[in-house]
1. Determine whether segment 54-74 contains at least one residue that is loosely packed, with under 15 Cβ neighbours inside 10 Å, in contact (Cβ under 8 Å) with a residue 24 or more places away in the chain, part of a strand (DSSP E or B) and among the aliphatic types (A, V, I, L, M).
2. Give segment 75-101 a look and list any residue that's in a strand (DSSP E or B) and not basic (K, R), or say none.
3. Among the residues that make up segment 37-48, is at least one of them at pLDDT 90 or above, exposed (fewer than 10 other Cβ atoms within 10 Å of the Cβ) and part of a loop (DSSP other than H, G, I, E, B)?
4. Run down K2, K59, K14 and say which single residue is modelled with pLDDT of 90 or more and over 15 Å from L95 (Cβ atoms).
Amino acid sequence: RKNIETPIIGVSAKTDIESKVNLIKNGADDYITKPFDNNELLVRIEAILRRSKTSTNNKDVLCFKDLSLNTSTMEARIKDSKLILTRYEYLILQLLMSSPNKV
């Protein structure tokens with residue numbers, strides 16, 4: 001957290017307030033307890049990406065080799081061919097392309 005601004009969501013089975021507060025104080029952006037619904041997690045990811053996107057100067061088009069991703073139109077292309085992606089495939093691709101060289 002000291003070197004990069006990658007969004008962090010804590011996932012834990014602990015439901016006590018102290019655990020949640022400590023995690024957020026130590027740098028997490030959000031916290032979700034197990035068991036959780038996948039749709040809830042995806043909405044939280046979208047919200048954090050939306051907030052982090054507005055707080056930085058990201059380009060509208062992310063590129064890697066022949067692959068380009070337009071974050072304004074949510075369109076992915078390889079060379080001149082448009083890719084048909086599900087919403088989740090797009091979100092995963094956007095996350096990976098917005099953080100190159102990071103695991």
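The values are calculated or read from the model by the stated rules, or taken from the named source; none is laboratory data. Since the model is a prediction, treat every value here as computed from it, not as a measurement. Quick reminder, even Gly has a Cβ in these numbers, built from the backbone with ideal geometry, and neighbours come from all protein chains shown.
1. Yes, there is a match, as at least one residue in segment 54-74 is loosely packed, with under 15 Cβ neighbours inside 10 Å, in contact (Cβ under 8 Å) with a residue 24 or more places away in the chain, part of a strand (DSSP E or B) and among the aliphatic types (A, V, I, L, M).
2. If the condition is that a residue be in a strand (DSSP E or B) and not basic (K, R), then E75, A76, I78, S81, L83 are the ones that fit.
3. Yes, segment 37-48 contains a residue that is at pLDDT 90 or above, exposed (fewer than 10 other Cβ atoms within 10 Å of the Cβ) and part of a loop (DSSP other than H, G, I, E, B).
4. The unique qualifying residue is K14.
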